[in-house]
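Asker: Can you keep this structure in mind? I'll have questions shortly.
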Amino acid sequence: MDQRVSLITLAVSDMNVSAAFYESLGWTRVQSPDGVIAFDLIGQTLGLYPKTALAEELGLDESQISGFSGITLAHNVREKGEVSSLLSSAASAGANILKPAQDVFWGGYHGYFADPDGHVWEIAWNPFAPLSKTGEFRWNGFDNAKTDD
């Protein structure tokens, strides 16, 4: 697994209040599907996602997320097949697989694991956001044909 973080997702109780907070810091939203608010960072994206929806996506009741802080860390990969491979490697290293690799409603492929301390990681392949040549992530992808990316 490359040493990088692609997407930081914060589970929030009120999407509008949270978005207004980050916008008040001078951040600008980028285009994203309904139900997600995204801000591109330098080398990463910060995503805001409803806390209840994230618990449901993980297959948990909100009462079960006492050890889950509402934050997931994402590691994006270049090829769909890398998702299962990395989840397997994580399990071998002692991770708890929370959601096996599977197709996602938005067109990608992902799965989740918790590290030994319970921090939740998503391994994801997103065909709409290809990584740069150096592995950098942007919400809407890199144009690898350009030399300035």
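The values are calculated or read from the model by the stated rules, or taken from the named source; none is laboratory data. Worth saying up front: this structure is predicted, and the values here are computed from it rather than measured. With ideal geometry, Cβ positions are generated from the backbone for all residues, glycine too; neighbour counts draw on all protein chains shown.
Asker: Select from the range 1-19 the residues that are buried (at least 17 other Cβ atoms within 10 Å of the Cβ), within 19 Å of ALA95 (Cβ to Cβ) and not hydrophobic (A, V, I, L, M, F, W, C) and list them in ascending order.
Answerer: Matches in the range 1-19: SER6, THR9.
One line per residue, one yes/no per condition, for (1) of a type in the set (Gly, Ala, Ser); (2) at pLDDT 90 or above; (3) under 18 Å from TYR112 (Cα atoms); (4) surrounded by 14 or more Cβ atoms within 10 Å (Cβ to Cβ):
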position: TRP27; (1), (2), (3), (4): no, no, no, yes
position: ILE37; (1), (2), (3), (4): no, yes, no, yes
position: LEU41; (1), (2), (3), (4): no, no, no, yes
position: PHE68; (1), (2), (3), (4): no, no, yes, yes
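Asker: Something else: Considering only the range 91-110, state which residues are modelled with pLDDT under 95 and aliphatic (A, V, I, L, M).
Answerer: Hits for the range 91-110 are ALA91, ALA93, ALA95.
Asker: Looking at the range 10-30, can you tell me whether even one residue there is within 17 Å of VAL120 (Cα to Cα), within 14 Å of the chain's Cα centre (by Cα) and not aromatic (Phe, Trp, Tyr)? Can you show your working first?
Answerer: Keep residues of the range 10-30 that are within 17 Å of VAL120 (Cα to Cα), which gives 10-12.
Subsequent filtering for residues that are within 14 Å of the chain's Cα centre (by Cα) retains 10-11.
Subsequent filtering for residues that are not aromatic (Phe, Trp, Tyr) retains 10-11.
There is at least one residue in the range 10-30 that is within 17 Å of VAL120 (Cα to Cα), within 14 Å of the chain's Cα centre (by Cα) and not aromatic (Phe, Trp, Tyr).
Asker: So for the range 111-132 (the condition being assigned to a strand (DSSP E or B), of a type in the set (S, T, N, Q) and modelled with pLDDT under 95), does at least one residue qualify?
Answerer: At the first step, the residues of the range 111-132 found to be assigned to a strand (DSSP E or B) are 111-114, 120-125.
This time we only want the ones that are of a type in the set (S, T, N, Q), so: none.
No, there is no match, as no residue in the range 111-132 is assigned to a strand (DSSP E or B), of a type in the set (S, T, N, Q) and modelled with pLDDT under 95.
Asker: Looking only at the range 31-46, count how many residues are without any contact (Cβ under 8 Å) to a residue 24 or more places away in the chain and either over 19 Å from ASN126 (Cα atoms) or under 13 Å from the mean Cα position of the chain (by Cα) (or both).
Answerer: Qualifying residue count, the range 31-46: 3.
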